[in-house]
Structure formats: structure tokens, C-alpha cells
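Engineer: Here it is: the structure, laid out below.
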Amino acid sequence: MKRSTALYRIFFLLSFALLTASLQAQTNDIKGFVYEASTGEPVMYCNVVLKGTILGCSTDENGYFNLTRIPDGTYNLMITCVGYDTLTDRVSLAGGKSLNKKYTLKETSMTLETVSITADKIEARTETKTSVITVTPRTINKIPSIGGQSDLAQYLQVVPGVIFTGDQGGQLYIRGGSPIQNKVLLDGMVVYNPFHSIGLFSVFDTDIIRNAEVYTGGFGAEYGGRISSVMDISTRDGNKRHWGGKLGTSCFGAKLTLEGPLVKPKTPESGAVTLVLSAKNSYLEQTSRTLYRYAAEDGLPFNYDDFYGKVSINAPNGSKVNLFGFSFNDRVNNYKSLSDFNWNSWGVGSNFLVIPGKAPVMIEGNVAYSSYIANMKEHNNADRYSKIDGFNMGFNFNYFLGKNTLKYGIEINGYSTDYLTYSAYGNHQIRQTNYSTEIGTYVKYKASLGKLLLEPSFRFQYYASFNTPSFEPRLAFKYIINDRLRIKGAGGHYSQDFVAATSDRDVVNLFYGFLSGVTNVPKYFNGERVYSSLQKANHFVLGTEYDLGNNLTLNLEGYWKHFGLITNLNRNKMYPENEATLQVNELLKKDFMIENGDAYGFDLSMKYEDKHWYLWGVYALGYVHRNYEKYEGGATHLVTYEPHFDRRHNVNIILTYTAGDRREWEFSGRWNFGTGFPFTKLQGFYEYHPFQNGINFDYTTANGQIGVLFADLNQGRLPTYHRLDLDVKRKFFFSERTQLEVDLSVTNVYNRANVFYVDIISHDIVNQLPILPSLGLTLTF
């Protein structure tokens, strides 16, 4: 630990030196927030510049900006943003003066066509933005809604690098990473399962999302504990001016959102206290028995209800404290007459934002507790159970040094896991309870060096379960060749503790549990000693952005993720370890096994947007393969296979047209094409006896069970997948704040029979969802 102690000292001495230098410099600065005039919500990614100079920046997700190292003088500060009137403020600075400002922008009738500078273009020139997509409610609502409800889960399916495996029990896989390797944060709080069993809906209400940052790889050192991707979601604070909300109903479910001020601001410079409440549920199991009986005779057995609440206390200078909590629940009743599944998740937490007086710094922090419990009751197999609960907390410090920024912080996670499952052959129980703590510190520096943006960062992560530190250097860059062309890249080293014990043979993974601190693995892998079962990966991303015009942008990214060590459920296990002799090979008695592998490919995306048209197109070429050891014939050998989410080609096209004097009509369509997923072929059946009573078991009189002989793992391929969705929306305006939106959508318009899986016993083909028309009504008040 001497090495880590030295790193801590260097880390804080460097931060202190930079802070002291910045405070002593006799230059001026302007910092503050930009809000919407109508609601008081922050305006993200708007342009803040001192006219006639090269000094400028963009607001962050909190609407915050900070211009530092400004020479003495009088300036015109200009704020521009798409959809808002331009604001100009004359300011005078001298003698190290520090101004703290609050600005409000009014919505304008100006169209996108007449604005040459957009938030996306500003961000493209000031942020590295490699392998990250920023999602807002506006972009989510551009895609055809399913069931009359737009949802983040539906939009994520069109994000470059994301593979979706099914409408029923499917999961999202991001550039070769499984769901357990993807970190999901809601206002800084860990969410262990963000998607419902019917994969069309997430636990998040679109109407309360402020923005979501989806990192598909190469993310910075501020995030740790996962080896594939990060989804960081923040919610709105609520309307500071008046009470309002939305009430919606459709063929799939209903939702209600309420927001407003508990304490109104008395003046534009005053603070406020606001409240946001959200509730949504699904009654698809009931409506499908009547409306969609052709899809399933007994109905589609998917039920959920989600609740979220947030109180925001806003200080006059922009500092704030948020208190929030959630309860998410999911139930699947008698799925395909085989299983019942349910999970429950809840959490409470707080985060804060502090803007000190004159120092060019922003301080953020969070503390939260969350819990997740899942139960699976199967008719032909033993019950499965998983529970994880724990806390996470962190503090982040942002120093603004002219065009450069320094960010550092600390994160602490403590959790317990309780897991009950069975081996791949179903004959050996695996039960594990574990308590663990993770401590991470990081430092990140963004330097603007002319046309080069350089973002080195470093994370130190300590895992108490393994008593193991992980040193994780990371780097991102962007080089601006000219006004239209940019080159970018990112990479780094990543680690994680969590393991999911699910069978690679299962296409439908309704049950998804969590394990931590797994040490029951073989001592050797591929002839090399395994000193720690901590999972690790390296990311490498290289790409380019090209603006074909003011409204058309192309983005190309190539990636390679090398998963140096992955822990998986041992598909070789045949004997309980406590009963097996020393002569039995470890691969035949350990609960878990070691794997490694690679994911590589490229994503090409195109975006066009003007006042009427929105076009989003994505083509992804991807390869995923894994390696594991297999013991047979008295020897071990390495087996390479393609996991069940390996999709070679994936295409998504979205086209949206908005019409009418008040943009009251919207027509949209989405087409998705994907090549088939791998699956394991069937070779035959045999009579299987579990020998419950050992040598006393009489196999001559007992009736055996059906045993399955599988071919080599995932050597088959399902047919190609393609689907067309269409949507028509019409808004009716009753007053300034009251409107009704009617949403008519059709999912799988040409009723494509996309194969989900084949029942290996009955040989019945189970398809994904057929054509599903739906009607939705949403009242905004």
C-alpha cells in the first residue's frame, strides 16, 4: 500500500498547487447559471461568449458556466442557444473581480434552419466526445413510440454499438459487454436493473429526464467499477414558476407526472424549493387478452410499476441540494407456462452542487442507498434468488483554469450480495453471500491546446473483497483539423468485481442476479497462474467526425475491447467441490470459470436535422468472441465461442417529419435490421437420473428426466431480424399550458415473424412480438 499512499500525496499536492496558483492570479472571472424563463430549469449546452474575443464556453447539464482568466476591460457577454432568444449583458471587469450571474432565456419562434450554431456543434468543438451519446427527452420523442409511450429503452436500441436481444426478456449489450458490465446511475445513485422484463420499457420516466450520457466505451476516470459501458442519467429539478404535469394512458399502460414549486422564488435572484413526482405502470397483461389475443392466448404476462420523487432546494447563487427516492417493481406471471419471475428495487439518496464565493471551482457530491431483489420460480427447475443492497457516495471537485479544467474526486461503494442458483447442468447448488467495499479516487485534466483537446485521467480503485488495488490510466483526445473535420480517440484500463451467474445457453434471461467477491475459480487459465479473479478490460477507440453541412454530420468510430479476464458460471462443473477428490480436475468442480475474449468492429452514424426533418441512420459491424477452458479426454484445451448476443451486422434508420404552423403534426418511422444471433444446436435426448439418494437411488424403478445432448456451444445462427415501426402524433392546444397529444403507433408493421428462440423439447418456434397497433393519449397541464 506504500505505492498507493505516495499516489494520494502527489494527487493532493498537485491539486493544492493548482488551486493556489489560480486564486493568486490577478485576472477576472464570470460564472453563473442559465435557466429557462418559463420553468426555471437549466439550459444545457448553450454558448456563452465574450463578443469580439476568443473567450467562451458552453453550459453543462446544470446550466452552469465559468469563464476564467479574463483581462481587465468592458465586454458584451452573449448567450445563444437553439430555440431561445439571444441574450446580451454588458459587464466591466478589473482588479481580479469575480462575477456570479443568473440568466434566464425566453423561448423563441426562431427555427433551427436560421441558427448556424447549435449545442451539438459547440460541444463537438469543446469536448472530446468519443464513444458517448447525449440523450434528452427531445431526442427520445423523435423515434416512433411503442405502446403510445416514448421510452429511453426504445431509444437505446438505435444508439451505435448497442445490441438488443429481444422484446420479451431481452437485454441490452453494448459493444461486446453484457448487462452486468454496464454501470447505470440515476442522479448519482446505482440502479442495478434499469429495464423491465418486456424489453420495450425502462424504469425511467422520459418526462422527468434532463439528460442521459451513454458511454459505449473509452470513458474517463470519473467512472469506475465496470469494464464495458456507463449510462449516467440525471433528472429535472421541477418547475420553479408554477404547478403542472402530464397524464397519459395507452393500450400498454398509464403514467402521471406532477411538478411545481413548494417555495416560489420571490425575485429572479431568489432561491426556490421544487417537487417532482412520477408514477407509471403497465396493464399489458390485462389489455393483451382482449386487444392482442393473437400475440399470446393467455395474454402477455408483463407487469410493472415505477415511482420516483425528488425535492430540490435551490440557493440564490445556483447551489442546490436534491433529495430523491424510487421504487421500481416488475412481475412476469407464468411466462410460457414455465416460470414466474419478479424483482423489486428501491432506493433513497441525495446530491448537492456548491458554488463557492470567488474561487473558480464547483463542488459536487452524492450519497445514496439502493436495493434489488429478484426471484425466479420455474416449474421444471429449482427456484433462483438474488439480492444486492448497499450504499454509494462520492465527492467531485471541478477547477476552471481558463480553457482548461481539472477534476478530481473520491467514490466509496459498500454492498452485500446474496445469491442462489444452480450449475449449468442444474445438479449442483451455488449459494454465496458476500460483503464488499470499493474505494476509488481519480484525477482528470482537460487541456485545450489550440486545435488539440487532450484529456488524460487516472483512477485508483481498491477492491476489499480481493484485497487488490487496480491502477487505471485513461486518455481521450480530439484534434480539430478544420471547421468540418475532427479526429478523436479514447482508451483506458478498466476493472470490476460484479459477476452474473446466467447460463450462456439461455436466450431468455428473465432472471439476472448479482455476485461479488467471487474467488472459487481455477488457479490456472490457459497455462498461466490466476492471482486474482478481478475482471479486467482494455478499451481502444479511434474515430472521426465530419460536418457535411450545417445540419448533416457523419460519425465513424472503430473500437476494440480486450476482456483480459472474465468470470463466468462454470459450464464444465460435474461434482460438488466438497465431495470431489483431489484427483478431480478443478474445471469439473469449481463453481466459476475464467474466460477472456475480444469485441471489435466499427459504427457509422449519420444525423440530419432541420425545422421539419430529422434523420438518424446507424450501421454497426461487430465481432465478439470468448475463450474458455474445457476438460475432456484427460486434458484441458481452449475453446473459442461466440456469445449469444454476437450480431454481425446491425442497421437502424429513423425518419421524422414535423408539420403544421404550430408543429402540431409529427410522422415518424423506424426500420431495424440485424443478422441472426448464435445459438446452441441440439444433438439428442437421453434419460437423466439425478441420483438424489446417492448409492441408495434405484434407477431400475425410478422414472428419469429428459436429459439434453447439446452440440458445440453457439455454433448455429438464427434467421435475420428486421422490423418496421410507424407513428403519428397530433397535438391539440387548449391554452398556453394545456395541450392534448394523440399518438397512434404500429409496431412491426408488416408482421415479420422474427424468431426469438426454439423450444428444445417441443421444437416449437417462439417468435418475438407480432404486429401491435396502439393508441396513446397524453394531457399536459
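Engineer: For the residue pair Glu577 and His722, what label-to-label distance in nm results when each label sits 7 Å from Cα along the Cα-to-beta-carbon direction?
Structural biologist: Reported label-point gap for Glu577 and His722 is 4.9 nm.
Engineer: Over 31 Å between Cα atoms, which of Lys310/Lys607; Lys320/Lys729; Lys102/Lys407 qualify?
Structural biologist: Details: Lys310/Lys607 34 Å; Lys320/Lys729 37 Å; Lys102/Lys407 24 Å.
Long pairs (Cα-Cα over 31 Å): Lys310/Lys607; Lys320/Lys729.
Engineer: Just to make sure I understand: if all protein chains stay in place, what is the order of Arg138, Arg241, Arg486 by accessible area at 1.4 Å, largest first? Walk me through the numbers before you get to the answer.
Structural biologist: Values: Arg138 120, Arg241 75, Arg486 5 Å².
Ranking Arg138, Arg241, Arg486 by accessible area, largest first, yields Arg138, Arg241, Arg486.
Engineer: What distance in nm separates the simple spin-label points at Lys630 and Asn344, each placed 7 Å from Cα in the Cβ direction?
Structural biologist: Modelled inter-label distance: 4.3 nm.
Engineer: Sticking with this one: How would the stretch 254-406 be classified by its alpha-carbon gyration tensor: rounded, prolate or oblate, with rounded meaning a/c under 1.5 and the a/b versus b/c comparison settling the rest? Walk me through the numbers before you get to the answer.
Structural biologist: On the way: a/c = 3.46, a/b = 2.08, b/c = 1.67.
Prolate is the answer for the stretch 254-406, as a/c is 1.5 or above and a/b outweighs b/c.
Engineer: Taking H placed 1.01 Å from N in the peptide plane, check which residues at least 5 places from Cys251 or on another chain put their amide H under 5 Å from its amide H.
Structural biologist: Leu775
Engineer: Here's another thing I want to ask about it. Pop out the ³J(HN,Hα) list for the stretch 522-531 in order, Karplus 6.51 cos²θ - 1.76 cosθ + 1.60 with θ = phi - 60°, rounded to Hz; leave Gly and Pro as x.
Structural biologist: x, 6, 10, 9, 6, x, 10, 5, 9, 8
Engineer: Something else: Name the residue from Leu449, Gly63, Asn520 whose Cα lies farthest towards the positive end of the charge dipole of the chain, charges +1 on Cβ of Lys and Arg and -1 on Cβ of Asp and Glu.
Structural biologist: Result: Leu449.
Engineer: Between Asn333 and Thr468, what is the FRET efficiency for a Förster distance of 41 Å, r being their Cβ-Cβ separation, to the nearest 0.05? Present the calculation step by step, with values, prior to reporting the outcome.
Structural biologist: Working: r = 43 Å, r/R0 = 1.04.
So, using R0 = 41 Å, E works out to roughly 0.45.
Engineer: ³J(HN,Hα) across the stretch 127-142 via Karplus (A = 6.51, B = -1.76, C = 1.60, θ = phi - 60°), whole Hz, x for Gly/Pro?
Structural biologist: 10, 5, 6, 9, 6, 9, 10, 9, 10, 10, x, 4, 6, 4, 6, 6
Engineer: Students often get this wrong, so check it: of Lys561/Lys681; Lys523/Lys630; Lys31/Lys51; Lys51/Lys488, which have C-alpha atoms separated by over 25 Å?
Structural biologist: Long pairs (Cα-Cα over 25 Å): Lys561/Lys681; Lys51/Lys488.
Engineer: Moving on. Report for the chain the percent antiparallel among DSSP-assigned beta bridges with both residues inside it, nearest 5.
Structural biologist: Numbers: 316 of 329 bridges.
Given both bridge residues lie in the chain, the antiparallel proportion sits at roughly 95 percent.
Engineer: Separate question: Which whole-angstrom value gives the distance between the alpha carbon centres of the stretch 258-289 and the stretch 380-413?
Structural biologist: Between the Cα centres of the stretch 258-289 and the stretch 380-413 lies a distance of 26 Å.
Engineer: Here is a further query. Suppose all protein chains stay in the model; what accessible area per residue would a 1.4 Å probe give for the chain, in Å²?
Structural biologist: On the way: 32360 Å² over 781 residues.
Per residue, the chain has an accessible area of 41 Å².
Engineer: Which whole-number percentage describes the relative contact order of the chain, with Cα contacts under 8 Å and a sequence gap of 6 or more?
Structural biologist: Working: 2144 pairs, mean separation 75.0, N = 781.
The normalised contact order for the chain reaches 10 percent.
Engineer: Continuing with the same structure: Run the helix sum for the chain: -39,500 (n - 2.57) per DSSP H stretch of 4+ residues, divided by residue count, reported at 222 nm to the nearest 500 deg cm²/dmol. Numbers along the way, then the final one.
Structural biologist: Working: 5 runs with 48 residues, N = 781.
It lands at -2000 deg cm²/dmol.
Engineer: Quick check: with the 1.4 Å probe, what order do Tyr531, Tyr512 take by accessible area, largest first? It would help to have the intermediate numbers written out before the result.
Structural biologist: Working: Tyr531 200, Tyr512 20 Å².
So the residues, ranked largest to smallest area, are Tyr531, Tyr512.
Engineer: Could you give the size of the charge dipole of the chain about its Cα centre, using +1 on the Cβ of each K and R and -1 on the Cβ of each D and E, expressed in debye and rounded to the nearest 20?
Structural biologist: Roughly 2120 debye, rounded to the nearest 20.
Engineer: If R₀ is 22 angstrom, what is the calculated FRET efficiency for the pair His637 and Leu682, using the beta carbon separation as r and rounding to 0.05? Write out the running numbers ahead of the final one.
Structural biologist: Numbers: r = 23 Å, r/R0 = 1.07.
The value I calculate is 0.40.
Engineer: Which FRET efficiency value, to the nearest 0.05, do you get for Leu323 and Gln715 by plugging their Cβ-Cβ distance into 1/(1 + (r/R0)^6) with R0 = 60 Å?
Structural biologist: Numbers: r = 53 Å, r/R0 = 0.88.
Efficiency computed from Cβ-Cβ geometry: 0.70.
Engineer: If you count the DSSP beta bridges with both ends in the stretch 30-111, what percent of them are antiparallel, to the nearest 5? Show your work: numbers first, answer last.
Structural biologist: On the way: 20 of 27 bridges.
About 75 percent, rounded to the nearest 5.
Engineer: Output needed: Cys residues of the chain lacking any neighbouring Cys C-beta below 4.7 Å, sorted by number.
Structural biologist: For the chain, the answer is Cys57, Cys251, because their Cβ atoms have no other cysteine Cβ under 4.7 Å.
Engineer: Which distance in Å, rounded to a whole number, links the C-alpha centroids of the stretch 563-626 and the stretch 195-209?
Structural biologist: The stretch 563-626 and the stretch 195-209 have Cα centres separated by 24 Å.
Engineer: Going by Cα centres, the stretch 741-781 and the stretch 433-453 are how many Å apart?
Structural biologist: Rounded to whole Å, the Cα centres lie 42 Å apart.
Engineer: Report the label-to-label distance for Tyr385 and Thr86 in nanometres (one decimal), using points 7 Å from each Cα along the Cα→Cβ vector.
Structural biologist: 6.5
Engineer: Answer with one residue from Leu275, Gly299, Thr257: the one whose Cα lies farthest towards the positive end of the charge dipole of the stretch 252-310, charges on Cβ with Lys, Arg +1 and Asp, Glu -1.
Structural biologist: Looking along the dipole axis, the top candidate is Leu275.
Engineer: Determine the shape class of the stretch 326-410: with a ≥ b ≥ c the square roots of the Cα gyration tensor eigenvalues, call it rounded for a/c under 1.5, and otherwise prolate if a/b is greater than b/c, oblate otherwise. Could you put the intermediate results ahead of the total?
Structural biologist: Numbers: a/c = 4.36, a/b = 3.83, b/c = 1.14.
Verdict is prolate for the stretch 326-410.
Engineer: What ranking, highest mean first, results for peptides 201-213, 406-418 when packing means the other Cβ atoms within 10 Å averaged over each residue? Mind dumping the intermediate values first?
Structural biologist: Details: 201-213: 22.9, 406-418: 19.6.
Descending mean neighbour count gives 201-213, 406-418.
Engineer: Taking 0.36 nm per intervening residue step and subtracting the Cα-Cα distance, what contour gain separates Leu777 from Leu604 on full extension? Working shown, then result.
Structural biologist: Working: separation 173, 0.36 × 173 = 62.28 nm, distance 3.54 nm.
That pair, Leu777 and Leu604, stretches by 58.7 nm at full extension.
Engineer: As I understand it, the dipole of the chain uses +1 on the Cβ of Lys and Arg and -1 on the Cβ of Asp and Glu, about the Cα centre. Which of Phe592, Pro719, Ser92 lies farthest toward its positive end?
Structural biologist: The residue sitting most towards the positive pole is Ser92.
Engineer: Here's a follow-up. Under 1.5 on a/c is rounded, so check that first for the stretch 153-226, then, if it is not, pick prolate when a/b is larger than b/c and oblate when it is not; a ≥ b ≥ c are the square roots of the alpha carbon gyration tensor eigenvalues. Each step should come with its number before you reach the end.
Structural biologist: Working: a/c = 1.59, a/b = 1.17, b/c = 1.36.
Here the stretch 153-226 falls in the oblate category.
Engineer: If contacts are Cα pairs under 8 angstrom and at least 6 residues apart, what is the relative contact order of the stretch 252-377 in percent?
Structural biologist: Details: 291 pairs, mean separation 22.3, N = 126.
With pairs under 8 Å counted, the relative contact order is 18 percent.
Engineer: Roughly how much of Cys57 is accessible, in Å² to the nearest 10, using a 1.4 Å probe?
Structural biologist: 30
Engineer: Lysine pairs in the stretch 167-292 with alpha-carbon atoms under 19 Å apart, 8 or more places apart or on different chains: how many are there? Before the final figure, lay out the partial values.
Structural biologist: On the way: Lys240/Lys264; Lys240/Lys266; Lys246/Lys255; Lys246/Lys280; Lys255/Lys280.
For the stretch 167-292, the number of qualifying lysine pairs is 5.
Engineer: Check which residues have an amide H placed less than 5 Å from Asp591's amide H, if you skip close sequence neighbours.
Structural biologist: The list, which skips near neighbours in sequence, is empty: none.
The values are calculated or read from the model by the stated rules, or taken from the named source; none is laboratory data. Computed from a predicted structure; not experimentally measured. Neighbour counts are summed over all protein chains in view; Cβ atoms, including those assigned to glycine, are modelled from backbone coordinates with ideal geometry. Areas reflect the complete protein model, heavy atoms only, side chains present, ligands, DNA and RNA absent. Shrake-Rupley method; radii C 1.70, N 1.55, O 1.52, S 1.80 Å.
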